[in-house]
Amino acid sequence: MDEARNHVEERRQKGDALDKMVCEYRTLRAGIVRQWTEEMAGVDRNALDELVRFNDSVCQGAAGSV
């Protein structure tokens, strides 16, 4: 966890905004979930699409609050 904190601090010192970093996590998580769902057989795609949209909404809310 210390490495993650150090990475964030380095990026902030370089001028990256915290909300930008939060958005990057949203994009990463959505991409991973989408790739995972493409590899799953017999999974309710609509439910998984809703999961991706939910994750996006949570992250957008978090980014807007920082």
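Every number here is computed from the coordinates shown, using simple stated rules; none is lab data. Predicted model, so just to flag it, every value in this text is computed and none were measured. Cβ sites come from the backbone with ideal geometry, for glycine too, and all protein chains shown count toward neighbours.
Just to be sure I understand the curve: with the Debye formula and one point per C-alpha of the chain, what is log10 I(q)/I(0) at q = 0.24 Å⁻¹? Log-scaled intensity ratios, in q order: -0.98.
A protection proxy built from the mean count of other Cβ atoms within 10 Å ranks the segments 20-33, 37-50, most packed first, as 20-33, 37-50. Placing R0 at 35 angstrom, the Cβ-Cβ distance between A41 and E3 gives a FRET efficiency of 0.45 after rounding to 0.05.
Shown for the chain are no DSSP H helices, since none reaches 15 Å along its axis, judged by Cα atoms, with a mean Kyte-Doolittle hydropathy of at least 1.0. Mean residue ellipticity, 222 nm, helices only, the chain: the sum of -39500 (n - 2.57) across DSSP H runs of n ≥ 4, divided by residue count and rounded to 500, is -28500 deg cm²/dmol.
How far, in nm, would the chain grow between V52 and D16 when pulled straight, counting 0.36 nm per residue and subtracting the alpha carbon separation?
Details: separation 36, 0.36 × 36 = 12.96 nm, distance 2.54 nm.
Gain on extension, V52 to D16, equals 10.4 nm.
Each Lys and Arg contributes +1 and each Asp and Glu -1, all at the Cβ; summed about the Cα centre of the chain, the dipole is approximately 200 debye.
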